[in-house]
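Colleague: Structure in structure tokens, see below.
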Amino acid sequence: MTQKLTILDIAKLAGVGKSTVSRVLTNDPKVKPATREKVEQVIRESGYVPSKSAQAMRGGSAKVVGIILSRLDSPSENKAVSGILDVIYKAGYDAVIMESQFSAEKTNEHLAVLQKRNVDGVIVFGFSGCDLTSIEKLGHKAVVIATDTDAISSVDYDHQGLISLAMDKLVANGKQAISYIGVDESDRTTGLLRLNAYLESCRKLGIEPSYQTGQLSYDSAYQITDQVLSAGTEAIVCASDTLAMGVAKRLQELGRTDIQVSGVGATDLLSFLFPNTFSIDPGYFEAGKVSAQLLIKQLSGQQEVTHLIQQASY
């Protein structure tokens, strides 16, 4: 087994002092180019991998990004995380993934842990009631997804466009009696903004609204589906694919295969299990990529605070 090299070993092989190797590893601009090249050549040839924690303690980059999801079982957030990892891995960063469970207190605890570990930056998935104060203190070291703040960079989804696309497609398919199943309005984004988008589309399209809201779960949607049904119902728009699956399951049991269901999330399983459905793609993966790109540019001083809206598509 090959013996693991230390900084002292690299220093001896390069013919420099241990402190010089440390300065090369932390990108100290005071190191002469010729010396830097000599040390880096030894590192390349020896296959030496510096300890990230040791680099962090020396004041250098830990090359680690913290990611705080609201819930680990969220299909949408997992798609966004895939986009984040695609970017940060290519940039040489590792990831620490944590779950807030929609708790502001837990989010703050996670942020404190990540700061103690001296991570380079954090990406936080926002939620209603999220305490943005602690996140905003990180300044250029943070990006938030799916929430609003003027203080730090953010990437949000086009909640109005998501529902408008679904309504327009259903009308183009000849549907007029279109109901809606959503999330409680205490949730500002998936709840309030998407419900308002449905009501606005109804107003523009001359459709009589029929809607109910509940929790963001299959079971909740399943339970309230009957409340928006009538003999003439032709379609049901849902605020998420999770809700759409609950609705489609209930319609299947009722034998209402005539009703088309739409969701939000581009979940392949939805149309696989329930043929008379479709889903709007919010661009979760792309939002993750963009948020990671923003963060890396900010960490290198190449990007100011930026607010972006990820466009939806079929």
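Colleague: In segment 190-236, how many are over 21 Å from P275 (Cα atoms), among the charged types (D, E, K, R) and touching a residue at least 40 places away in the same chain (Cβ under 8 Å)?
Modeller: The total comes to 2.
Colleague: Would you check which residues across segment 292-314 are of a type outside the set (V, I, T) and out of contact with any Gly (no Cβ under 8 Å at 6 or more places or on another chain) and list them?
Modeller: Q293, L294, K297, S300, G301, Q302, Q303, E304, H307, L308, Y314
Colleague: Tell me, please, whether a residue that is basic (K, R), part of a helix (DSSP H, G or I), closer than 24 Å to T189 by Cβ and in contact (Cβ under 8 Å) with a residue 24 or more places away in the chain can be found in segment 72-89.
Modeller: Yes, segment 72-89 has at least one match.
Colleague: Report yes if T233 is in contact with a helix residue (DSSP H, G or I) (Cβ under 8 Å, 6 or more places away or on another chain) and either of a type in the set (S, T, Y) or buried (at least 20 other Cβ atoms within 10 Å of the Cβ) (or both), otherwise no.
Modeller: no
Colleague: Collect the residues in segment 186-207 that are surrounded by fewer than 18 Cβ atoms within 10 Å (Cβ to Cβ), within 22 Å of D226 (Cα to Cα) and under 21 Å from the mean Cα position of the chain (by Cα), keeping them in residue-number order.
Modeller: none
Colleague: Of the conditions (1) touching a Lys or Arg at 6+ places or on another chain (Cβ under 7 Å); (2) closer than 21 Å to A146 by Cα, G191 satisfies every one except a single condition; which number is it?
Modeller: Looking at each condition in turn, G191 falls short on (1).
Table: residues versus (1) β-branched (V, I, T); (2) touching a residue at least 24 places away in the same chain (Cβ under 8 Å); (3) open to solvent by less than 10 Å² (accessible area, probe 1.4 Å); (4) not in a loop (DSSP other than H, G, I, E, B).
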| position | (1), (2), (3), (4) |
| --- | --- |
| M245 | no, yes, no, yes |
| R256 | no, yes, no, no |
| V261 | yes, yes, yes, yes |
| A266 | no, yes, no, no |
| S279 | no, yes, no, yes |
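Colleague: Please identify the pairs in which a residue from segment 22-36 that is modelled with pLDDT of 75 or more has its Cβ atom under 7 Å from the Cβ atom of a residue that is open to solvent by less than 80 Å² (accessible area, probe 1.4 Å) and in a loop (DSSP other than H, G, I, E, B), counting only partners at least 6 apart or on another chain.
Modeller: R23/V31; V24/V31; L25/P50; L25/G60; T35/V16
Colleague: Next up: Would you mind listing the helices (runs of 4 or more DSSP H) fully within segment 129-227 where at least 2 residues are within 20 Å of G283 (Cα to Cα)?
Modeller: Correct list: 159-172, 194-205.
Colleague: Please enumerate the residues belonging to segment 183-207 that are closer than 19 Å to V171 by Cβ, touching a strand residue (DSSP E or B) at 6+ places or on another chain (Cβ under 9 Å) and of a type outside the set (F, W, Y).
Modeller: Passing the criteria: R194, L195, L199, S201, C202, L205, I207.
Colleague: Suppose we filter G174, G139 for residues that are more than 18 Å from the chain's Cα centre (by Cα) and open to solvent by 30 Å² or more (accessible area, probe 1.4 Å); which single one remains?
Modeller: Checking each option against the conditions leaves just G174.
Colleague: Considering only residues that are under 23 Å from the mean Cα position of the chain (by Cα) and under 16 Å from K169 (Cβ atoms), which ones fall in segment 238-269?
Modeller: The answer is C238, A239, D241, A244, S262, G263, V264, G265, A266.
The values are calculated or read from the model by the stated rules, or taken from the named source; none is laboratory data. If you're wondering where the values come from, they're calculated on a predicted model, not measured in any experiment. Ideal geometry is used to build each Cβ from the backbone, glycine not excepted, and the neighbour counts take in all protein chains shown. In case anyone asks, the SASA skips ligands and DNA or RNA and just uses the protein heavy atoms, side chains included. Shrake-Rupley method; radii C 1.70, N 1.55, O 1.52, S 1.80 Å.
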